[in-house]
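Here the structure comes first, spelled out in structure tokens, and everything after it is commentary.
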């Protein structure tokens, strides 16, 4: 990789420095109150290097990811703007990439997105004008070549670190490394994976990725998360697309008394973090805890990943300064 | 009548494709968009490819690059699949009772010595203006290869580094069938 920073964000600096990176998912509120976003971000910001703003994950409508990113950058946080191909066509997506970069967003995660039928409004129209790989390549062309898909020039290029998702646990297993190669060729700088509960499989996948010579071409963040109970585990493996949980993990939770299952789920997550940290080519973890941000902080601390590298020239998030409302001078 | 079973002979289909593509070339003078023959070609393509591939008439056919499996039948229209939602039994996240289009595409491409490795290519975004037109005519005149300027002028990075090409071919073995079964 070249020495010049591609985006100059905090996450990129941490990854570049070789420190084990931590990103976490912010659960978007079902509200129109900015405080709800800040409350969740405050818990996460001290324990991670980047906050993922999800784009209607599971096809459930929440506050939009671009708006969350706007709120976060205003307060000096480091968001990772998730952009799904499900709801917007190529014209909207390219415009959003420029807008996000203008607001100070330095990371995007390009994903195809869950299908509309997974959500609570299955009657919606699917867009899927792009797929994730086409989106990645278009974003790379905007950043590196300074033009839209049509070839029209941009006067200022968006400085973005491009991310992609990977799922090493879904079939066809031996094709997965090849799909990763496609994503890297299309422009991925970092990868965030689906929930990892099967470390041996991940290890096998990383070996295949290394054999393809891809390990040093991309930063690899493994997705992890706590299981709250045996029931939650059963729900996730059967209802959430792409999540694979081995029987041993569910069995381990089943043997635990109901009251202690939450604690056990957290312990499993911490153990997985410690195991994946030992794997060659793993540069960080991406912690996802649906509606449980405070658990993320506990997990990261118990996994020995705290404190995080300090931010450059940024004030303490707790005493963040809100931008002043600029008064618009009236014409008359 | 469904002729979907023919897709289980991907090598035969790629040979037919090859012969067919060459056989069409001499007729390019008459097979033009807007010509009298165009509706006939559209009808032939729809009735020919429909029962076999569940053809969606996108007008820019990439069947030979995707294991003779139509990627437009994927509910998410993914041209560079499969997505991360494939179930552990290899079925689709959206339609749990059907096999993932891309699992089939991958498995079939392994049995296609000629065009199989084309599944490694990155497919450009779909040109929605070609929907409903005859991909055979578009292919003859290169309309299906007509990509947006930005896409054409972007520096191409090889999907697999050239020095690792050997490893790719070696791992090109159909052992995913057991994993998916």
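The numbers here are math on the coordinates, done by the rules we state, and not lab data. Keep in mind the model is a prediction, meaning the values are calculated, not measured. No Cβ is skipped: glycine too gets one built from the backbone with ideal geometry, and neighbour counts run over all protein chains shown.
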Exercise. If a/c stays under 1.5 just call it rounded; otherwise compare a/b with b/c (prolate if a/b is bigger, oblate if not). Do that for segment A:32-153, with a ≥ b ≥ c from the square roots of the Cα gyration tensor eigenvalues.
Key: oblate
Quiz item: Which of A:19, A:152, A:277 moves the most in a Gaussian network model of chain A with Cα springs under 10 Å?
Solution: A:152
Practice problem: Would you give the gap between the C-alpha center of segment B:23-86 and the C-alpha center of segment A:56-108, rounded to a whole Å? | Solution: 35
Practice problem: Using a 10 Å cut-off on Cβ atoms, rank the peptides A:131-137, B:62-68, A:254-260, A:172-178 from the highest mean neighbour count down. | Solution: A:131-137, B:62-68, A:172-178, A:254-260
Quiz item: Taking the Cα-to-Cβ direction at residue B:89 and at residue A:3 and moving 7 Å from each Cα, how far apart do the two end points lie in nm?
Solution: 5.6
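So what is the relative contact order of segment A:155-217, in percent, for Cα pairs below 8 Å that sit 6 or more residues apart?
Working: 50 pairs, mean separation 25.9, N = 63.
Over segment A:155-217, the number comes to 41 percent.
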Self-check item: Contact order relative to length of segment A:64-136, as percent, for alpha carbon pairs under 8 angstrom and 6 or more apart
Solution: 38
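To the nearest 0.05, how large is the calculated FRET efficiency for residue B:11 and residue A:232 if R₀ is 56 Å and r is the Cβ-Cβ distance? Could the numbers behind the result be given before it?
Details: r = 46 Å, r/R0 = 0.82.
For R0 = 56 Å, the calculated efficiency reads 0.75.
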Quiz prompt | Residue mean of other protein chain beta carbons inside 10 Å, A:83-90 | solution = 1
Practice problem: Would you order B:141, A:292 from fewest to most other beta-carbon atoms within 10 Å of each residue's own beta-carbon? | Solution: B:141, A:292
Quiz item: How would you rank B:85-95, A:197-207, highest first, on the average number of other Cβ atoms within 10 Å across their residues?
Solution: B:85-95, A:197-207
Exercise. In nm, give the distance between the simple-model label positions of residue A:157 and residue B:156, each being 7 Å from the Cα along the Cα-to-Cβ direction.
Key: 2.1
Practice problem: Partner chain Cβ atoms within 10 Å, averaged over the residues of B:138-148 - can you pull that number for me? | Solution: 1
Quiz item: Which length gain, in nm to one decimal place, applies between residue A:150 and residue A:74 when the Cα-Cα distance is subtracted from 0.36 nm times their residue separation?
Solution: 24.2 nm
Quiz item: For the residue pair residue A:60 and residue A:35, what label-to-label distance in nm results when each label sits 7 Å from Cα along the Cα-to-beta-carbon direction?
Solution: 2.3
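Using only the Cα atoms, work out Rg/Rh for segment A:5-55, with Rh taken as the Kirkwood radius, to two decimals. Each step should come with its number before you reach the end.
Values: Rg = 12.7 Å, Rh = 12.1 Å.
Answer for segment A:5-55: 1.05.
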Practice problem: Once you've got the GNM for chain B with C-alpha springs shorter than 10 Å, pick whichever of B:125, B:96, B:158 has the biggest mean-square fluctuation. | Solution: B:158
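Starting from the Cα gyration tensor of the protein assembly as shown, take the square roots of the eigenvalues, sort them a ≥ b ≥ c, and report rounded, prolate or oblate (rounded when a/c is under 1.5, otherwise prolate if a/b is larger than b/c, else oblate). All intermediate terms of the calculation are to be shown ahead of the outcome.
Numbers: a/c = 1.90, a/b = 1.42, b/c = 1.34.
The shape class here is prolate.
Would you calculate, for the protein assembly as shown, the mean residue ellipticity at 222 nm contributed by helices, counting each DSSP H stretch of 4 or more residues as -39,500 (n - 2.57) and dividing by all residues, to the nearest 500?
Working: 18 runs with 184 residues, N = 513.
Theoretical 222 nm ellipticity from helices: -10500 deg cm²/dmol.
Counting partner chain Cβ atoms within 10 Å of every residue's Cβ in B:117-129, what's the average? Please list the in-between numbers first.
Values: counts 0, 0, 3, 5, 2, 8, 4, 5, 12, 6, 0, 3, 0.
Taking the mean over all residues of the peptide, I get 4.
First check a/c for segment B:32-170, with a ≥ b ≥ c the square roots of the eigenvalues of its C-alpha gyration tensor; if it is under 1.5, answer rounded, and if not, answer prolate when a/b is larger than b/c or oblate otherwise. Let's see the in-between values first.
Details: a/c = 1.87, a/b = 1.26, b/c = 1.49.
Oblate.
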Quiz item: Between residue A:267 and residue B:20, what is the FRET efficiency for a Förster distance of 51 Å, r being their Cβ-Cβ separation, to the nearest 0.05?
Solution: 0.25
